[in-house]
Amino acid sequence: MFRLDNKVAIVTGAARGLGAVTARTLASQGARVALADLQEAEVAKAAADCGPEARGYRVDVSRVAELRQLVADVVRDFGRIDILVNNAGVCPRLPFETSTEEDWDRLMGINAKSQYFLMQAVCPVMKRQGGGRIVNVASSSGRTGAIVNASIYSGTKGGIVMFSKSIAREVAADNILINCVAPGVLDTEIMRNFPPEKVRAIADQIPLKRLGKPAEVAALIAFLASDECSYCTGATFDINGGWFML
Ligand SMILES: NC(=O)c1ccc[n+]([C@@H]2O[C@H](COP(=O)([O-])OP(=O)(O)OC[C@H]3O[C@@H](n4cnc5c(N)ncnc54)[C@H](O)[C@@H]3O)[C@@H](O)[C@H]2O)c1
């Protein structure tokens, strides 16, 4: 089940954290993976960890021209694109009262605009091939609102959920299925922006009493990227240890 042999997958934000684990998981299921990230050396290393067929690409996902170039480069290098995992994201601590226009533009660019325009660039390729799977990484903060100084972040993640539903309706006839995952709190680098005592307090509130592991989210993404995911589109999958039950 959930084999991805002969599939080509793009994973953004793949130099570390959830993106790197997702890229390795898709590769372990047989996919050839194109890893995209701002950090050139780190993404090359992450690609090497995915096996000889994987490649790393230095891309700033907030720049639409670079997203279009990425799609052209991946088609040139791999010949097709079957799976897109829109994962790159940042979550700085930004209290509402002191957030700036620059903060708003930067977070919207990296977290939300990137996903929208990479889907726009990839969908024509998938349509020509007869279909594809897109998984957009949202967050529990995009479902319930952020709990700590991350109001712009939560807006980007809520936006992802809504534009994913809307685009899923538009491309369903092309057999392109778009779903979101909304992780709770994961044990990755992004959480280092939050004070450890806050992170511990969150873990105590989670029914499963711990943070999530990137591999647990990657397994869900692998299913959503597979042919077995054939009747889900426009859905958002909460994966949060029971923290929020919507
Ligand atoms: N860690 C969590 O608790 C958590 C919870 C919910 C959702 N998420 C989401 O999961 C995704 C991955 O998070 P993570 O915890 O692995 O974060 P991370 O900080 O460990 O990794 C993020 C990756 O994105 C890359 N990146 C940042 N800006 C970029 C840009 N402009 N262009 C290209 N790449 C860029 C970074 O270089 C890094 O490799 C994010 O979208 C995040 O919002 C994380």
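The values are calculated or read from the model by the stated rules, or taken from the named source; none is laboratory data. As the structure is a prediction and not an experimental result, all values here were calculated from the model. Quick reminder, even Gly has a Cβ in these numbers, built from the backbone with ideal geometry, and neighbours come from all protein chains shown.
Some notes on this structure:
- For Phe2: the one exception among (1) aromatic (Phe, Trp, Tyr); (2) over 18 Å from the mean Cα position of the chain (by Cα); (3) surrounded by 20 or more Cβ atoms within 10 Å (Cβ to Cβ): (3)
- Which numbered condition Arg143 fails, given (1) within 16 Å of the ligand (Cβ to nearest atom); (2) surrounded by fewer than 17 Cβ atoms within 10 Å (Cβ to Cβ); (3) basic (Lys, Arg): (2)
- Boolean, Thr236 is at pLDDT 95 or above, in contact with a Cys (Cβ under 7 Å, 6 or more places away or on another chain), surrounded by fewer than 21 Cβ atoms within 10 Å (Cβ to Cβ) and polar (S, T, N, Q): yes
- Test: residue in region 44-52 that is more than 20 Å from Met119 (Cα to Cα), in a loop (DSSP other than H, G, I, E, B), more than 10 Å from the ligand (Cβ to nearest atom) and at pLDDT below 95: no
- Annotation for region 79-91: no member residue is more than 13 Å from the ligand (Cβ to nearest atom), modelled with pLDDT of 95 or more and farther than 27 Å from Asp174 by Cα.
- Within region 13-34, considering residues that are in a strand (DSSP E or B) and under 27 Å from Gly109 (Cβ atoms), the one nearest to the ligand (Cβ to nearest atom): Ala34
- Meets criteria (closer than 28 Å to Ser140 by Cα, among the β-branched types (Val, Ile, Thr) and either surrounded by 15 or more Cβ atoms within 10 Å (Cβ to Cβ) or in contact with a Cys (Cβ under 7 Å, 6 or more places away or on another chain) (or both)) for Ile10: yes
- Lone qualifier among Gln69, Gln39 - being more than 16 Å from the chain's Cα centre (by Cα), over 19 Å from Ile178 (Cα atoms) and either touching a residue at least 40 places away in the same chain (Cβ under 8 Å) or within 9 Å of the ligand (Cβ to nearest atom) (or both): Gln39
- Among the residues of region 206-240, none is identified as within 11 Å of the ligand (Cβ to nearest atom) and of a type in the set (Phe, Trp, Tyr).
- Out of Ala150, Ala173, Ala203, sole residue that is in contact with a strand residue (DSSP E or B) (Cβ under 8 Å, 6 or more places away or on another chain) and either more than 9 Å from the ligand (Cβ to nearest atom) or in contact (Cβ under 8 Å) with a residue 40 or more places away in the chain (or both): Ala150
- Some residue of region 56-65 being within 14 Å of the ligand (Cβ to nearest atom), surrounded by 15 or more Cβ atoms within 10 Å (Cβ to Cβ) and in a helix (DSSP H, G or I): yes
- Breaking point among (1) touching a strand residue (DSSP E or B) at 6+ places or on another chain (Cβ under 8 Å); (2) without any contact (Cβ under 8 Å) to a residue 24 or more places away in the chain; (3) charged (D, E, K, R), for Asp187: (2)
- Of the residues in region 188-197, at least one is of a type in the set (A, V, I, L, M), more than 16 Å from Asn136 (Cβ to Cβ) and within 11 Å of the ligand (Cβ to nearest atom).
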